[in-house]
Every structure is written in structure tokens, then in C-alpha cells.
1. How many residues, within region 144-162, are without any contact (Cβ under 8 Å) to a residue 60 or more places away in the chain and either of a type in the set (Ser, Thr, Tyr) or open to solvent by 40 Å² or more (accessible area, probe 1.4 Å) (or both)?
2. On the basis of being open to solvent by 30 Å² or more (accessible area, probe 1.4 Å) and touching a residue at least 60 places away in the same chain (Cβ under 8 Å), does ASP225 make the cut?
3. Quickly run through region 220-271 and pick out the residues that are aromatic (Phe, Trp, Tyr) and part of a helix (DSSP H, G or I).
4. Filtering region 41-70 down to residues that are surrounded by 22 or more Cβ atoms within 10 Å (Cβ to Cβ) and among the small types (Gly, Ala, Ser), which residue is nearest to the chain's Cα centre (by Cα)?
5. Going residue by residue through region 89-111, is there one that turns out to be of a type in the set (Gly, Ala, Ser), in contact with a strand residue (DSSP E or B) (Cβ under 6 Å, 6 or more places away or on another chain) and modelled with pLDDT of 95 or more?
6. Which residue is surrounded by the fewest Cβ atoms within 10 Å (Cβ to Cβ), if the candidates are limited to region 286-307 and must be hydrophobic (A, V, I, L, M, F, W, C) and over 18 Å from ARG327 (Cα atoms)?
7. Could you please find all residues in region 128-143 being over 24 Å from the mean Cα position of the chain (by Cα) and part of a loop (DSSP other than H, G, I, E, B)?
8. Only one of these conditions is not met by MET165: (1) surrounded by fewer than 16 Cβ atoms within 10 Å (Cβ to Cβ); (2) in contact with a Leu (Cβ under 7 Å, 6 or more places away or on another chain); (3) at pLDDT 95 or above. Which number is it?
Amino acid sequence: MRLFKILSIRQLKPYFKSSFRFYAQETKARENPIIMKLDTPEFSSLFTVELLTLASIFKNHNYELRIAGGAVRDLLMNKKPKDLDFATNATPDQMKEMFNKEGVRMINNNGEKHGTITPRINNNQNFEVTTLRIDKKTDGRHAEVEFTKDWKLDANRRDLTINSMFLGLDGTLYDYFHGYDDLMKRRVVFVGDARKRIQEDYLRILRYFRFYGRIAEVPDNHDRDTLDAIKENGAGLAQISGERIWMEFSLILAGNFWGSLVEDIIKCGLGPHMGMPKEPDVESFIELYNSGKNIELNPVSRMTPLFRNEDEFLDLNARLKMSSSHRDMGLFIIAHRNDNITLRWCKYNTIMLQQRAKLSSIQEWIKEMLTYKHETALLDEYAKWQIPRFPVSGRVLKDHGVPMDRNTARVINKLKEYWVDHDCALDDKQILEQVPAVLEEIKNTSPPRSPNVQRKKKKV
């Protein structure tokens with residue numbers, strides 16, 4: 001019985017190549033992870049009374065506590081982190097037992113199944129502390145975790161090398177996968193095999209581009225194998241919720257090299273899985289990017305050139321489920337980006353006649369539009385402009401014999417149009433002179449009323 005099929009060297013070559021790459025990347029780890037001690041003002045400023053109390057609790061119970069993830073990266077770049085995440089070799093049960101003994105209240109039990117316990121120290125400061133973990137099983141979106149006491153295994157499950165470091169509270173930097181070297185070189189790469197990391201959570205594809213915009217010093221300096229891994233696994237983004245995709249994508253659009261990175265995303269074939277049209281208008285998008293790299297624009301405004309019409313943008317919104325404010329701003333930009341904008345257009349027509357949105361929202365959209373079109377002078381004038389008040393109210397119309405019925409709103413809007421056409425300079429008497437003509441126009445254009453049908457009284 002023949003158990004093995006003999007393969008030629010040529011046939012075996014792809015297997016050797018793949019296995020070597022996997023082996024080389026998976027075993028890329030320091031023998032001694034301790035590489036330096038950090039002593040900076042940013043690091044020292046973290047030590048509140050509450051953090052010192054937390055540290056002493058772990059030390060007294062013989063458990064180790066280290067700062068983890070993005071906070072370590074920020075501190076190494078001389079930035080004070082906005083959020084602190086901690087890792088420990090204590091299990092969740094051990095932490096709960098320890099905090100109960102110390103009389104420390106714990107909040108937010110939702111994170112416990114993932115290994116996160118949140119003690120509130122001195123009833124003043126909360127700390128999220130997570131047990132070291134390994135991914136037992138992943139499906140591209142969620143992970144079933146298993147707790148461990150091995151710091152290297154926890155580092156190995158993280159996405160990027162620059163996010164896989166730990167910092168002891170004495171300043172000792174633990175770097176298992178050369179994250180410090182990559183950070184100093186402004187290099188963004190996955191921990192170990194990029195394909196494996198991506199397949200554990202496909203959102204890591206967009207996290208890669210987001211961190212490239214935060215860390216890299218120049219655009220288009222990607223690791224070729226990383227881009228190949230992204231292209232091969234891009235379809236996995238279809239499994240990720242639109243809200244998570246928009247969270248990452250909006251941060252990419254707000255970061256450095258946003259135009260170059262979005263172009264890379266499209267070249268990698270990710271667009272359709274994110275809700276973009278099959279053939280987005282990349283040329284117009286890059287034109288905006290090149291003309292306004294240093295202009296502060298909302299992430300939504302920055303991406304609108306990719307869409308040729310409102311329908312394409314609405315398809316994106318159906319996928320990403322943006323907030324109504326982001327959706328409406330995008331639709332406004334697309335609807336008016338080719339208009340001949342003058343100060344009069346900005347002041348009157350748009351503000352006064354677009355009644356479906358709040359005035360404050362319309363003002364924000366107009367400012368965004370003027371920034372988008374580089375209308376600096378108009379933007380300055382618009383910022384100083386005071387909105388005129390329409391001098392005729394419904395009560396005034398009623399006193400002048402205008403019936404209060406289904407056509408009242410139409411009468412007011414027609415009078416506003418007349419007022420706006422005269423640069424909002426007419427007083428109430430001049431506006432009221434138009435009432436007879438407006439009523440006659442509405443009478444001639446209104447559809448006939450349906451015959452009155454006596455409604456049946458509801459039984460009580």
C-alpha cells in the first residue's frame with residue numbers, strides 16, 4: 001500500500017517557501033525581552049495616588065502588573081497616553097479575590113469573560129486590568145480566549161509589533177517582537193505571520209492603515225508581504241460590522257497621508273467590502289487630497305469625491321451605518337460641491353430655504369463646504385455674519401386675514417422666498433403687501449380637496 005506521493009523539487013518549492021516564511025516570522029522574538037528603562041516626564045506623570053495604590057495591591061499579593069498596548073507606544077514617542085490599559089499574570093478570579101480582600105469596589109462586569117477586571121481606586125479612578133490571554137479559537141471577528149501566565153504568548157496574539165510591548169511600573173520595557181525597533185524606524189508590521197494575524201480579526205486590515213498614518217514618516221513605504229496578505233484576505237472585511245469599519249475608516253481619513261492610504265485601500269480591492277462603489281472616483285479624490293493636505297476637513301467631507309452622486313454615498317451609508325449628522329453632511333457636500341457659491345448663496349438661500357435640518361447643522365455644512373472649496377474669504381465673512389430674522393410671524397398673518405389652514409406653511413415659505421430674493425432687506429409691511437398675490441398663486445396651484453367624508457365616531 002502506497003502511503004506517500006513523491007513530489008518533485010519544483011512541486012515542493014511553494015511549500016518550502018510558505019513554511020519558511022511562516023517559521024521565520026513566527027519565531028522572530030527576542031531571547032531577552034528587556035531592552036531599556038524608561039524615565040521620562042510623560043511616564044512619571046502617570047503615577048497618581050490611585051495608580052500607586054493599585055501597584056502596591058498587586059505587589060503585596062505577588063502578581064505582576066504592566067502597562068500594555070498603545071499606551072506603551074505613545075510613551076516611547078514622548079506622548080502622554082489618553083488611556084491606560086494594564087495586563088497582569090493574575091486570573092480574573094484571583095483579581096476579584098484580591099480586590100475583595102482589599103475592600104476595592106469593582107465595576108463594569110461585562111469585560112470579565114474576556115479577562116478584564118475594572119477596579120475603582122479611592123472612589124476616584126478606574127483601571128482596566130486584563131489577564132494575559134491566548135486566542136483559543138477565532139472566526140475573523142470574535143475570539144475564544146484562554147488565560148495564560150506567559151507574557152510572550154500574550155504579546156504574540158496582538159496585531160502589530162508596535163502594539164505588542166509591555167512597560168513595567170518601574171520603567172522596564174519588555175519587547176518580545178522588536179516593536180521598539182519598528183517604532184524607531186516608523187515601520188508598521190504585524191506580529192509574526194501577517195496572514196494569521198489578519199484571519200484572527202479582519203478589522204486588523206484597517207487598523208494597519210490607521211497606524212501607518214499615525215506612525216510612518218513617509219507615504220507608500222509599505223512592507224510588500226503585508227500588502228500581499230491584505231489583498232489575499234480583503235474579502236474578510238465583509239464579515240465585519242459597518243460600525244466597526246466606519247470607526248477605523250474615519251480615523252484613517254483624519255490621519256496623516258489619508259489620501260495615499262485610501263488610494264492604497266482601493267488598490268488592495270477593499271472598497272466593495274466596505275460599501276464603496278466598484279469604480280470610485282479616485283481622480284477627484286486625489287485632486288482634493290493634493291490641493292488640501294493641510295486643510296482641516298471632516299473625514300466625511302474628505303471622502304465625498306469618491307462618490308459621483310448621492311445614491312453611491314447612500315449605498316456606503318447603508319453598509320457603514322454612519323450617524324445621521326455624518327450622512328447629511330456628506331449628502332450636502334455632494335449635492336452642492338459644483339454650485340457657484342457666493343456670499344449671498346451662503347447667507348440666504350441655503351440657510352433660509354432648507355427647512356428639513358436644524359439651522360446650526362446647515363451653518364456647519366456651509367462652513368465645511370466653503371473649506372472644501374477653499375473659499376477662505378467667504379468663510380471669514382460668513383463667520384462674522386449675523387442671521388437676519390424673518391419679520392413676519394404666523395400670528396401677524398392671522399391678524400391680516402390669512403386663514404390658518406393646511407396652506408399656512410406654504411404662504412410663509414413663499415413670503416420667505418420673496419424676502420430672500422430681496423436680500424432679506426424688506427420690512428414687514430413690504431412683505432405683507434405680497435400676501436394677496438401669494439394666496440392667489442397657492443389657490444391656483446393647490447390640488448382640489450377630496451369630498452368631505454363624515455368620520456364615524458369611535459365607540460367609547
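The values are calculated or read from the model by the stated rules, or taken from the named source; none is laboratory data. Since this is a predicted model, take the numbers as computed values, not measurements. For neighbour counting, all protein chains shown are included, and Cβ atoms are generated from backbone atoms with ideal geometry for every residue, glycine included. Areas reflect the complete protein model, heavy atoms only, side chains present, ligands, DNA and RNA absent. Shrake-Rupley method; radii C 1.70, N 1.55, O 1.52, S 1.80 Å.
1. Selection size over region 144-162: 7.
2. Details: open to solvent by 30 Å² or more (accessible area, probe 1.4 Å): yes; touching a residue at least 60 places away in the same chain (Cβ under 8 Å): yes.
Yes: the conditions hold for ASP225.
3. Taking region 220-271 first, the residues aromatic (Phe, Trp, Tyr) are 246, 249, 257-258.
Hits for region 220-271 are TRP246, PHE249, TRP258.
4. In this case the residue turns out to be GLY69.
5. Step one: list which residues in region 89-111 are of a type in the set (Gly, Ala, Ser), which gives 90, 103, 111.
Narrowing further to those that are in contact with a strand residue (DSSP E or B) (Cβ under 6 Å, 6 or more places away or on another chain): none.
The answer is no, given that none of the residues of region 89-111 is of a type in the set (Gly, Ala, Ser), in contact with a strand residue (DSSP E or B) (Cβ under 6 Å, 6 or more places away or on another chain) and modelled with pLDDT of 95 or more.
6. Filtering region 286-307 for residues hydrophobic (A, V, I, L, M, F, W, C) gives 286, 288, 295, 297, 300, 303, 306-307.
If we keep only those that are over 18 Å from ARG327 (Cα atoms) too, we end up with 286, 288, 295.
Working: ILE286: 15, LEU288: 22, ILE295: 13.
Out of the qualifying residues, it is ILE295.
7. Scanning region 128-143 gives a single hit, LEU132.
8. (1)
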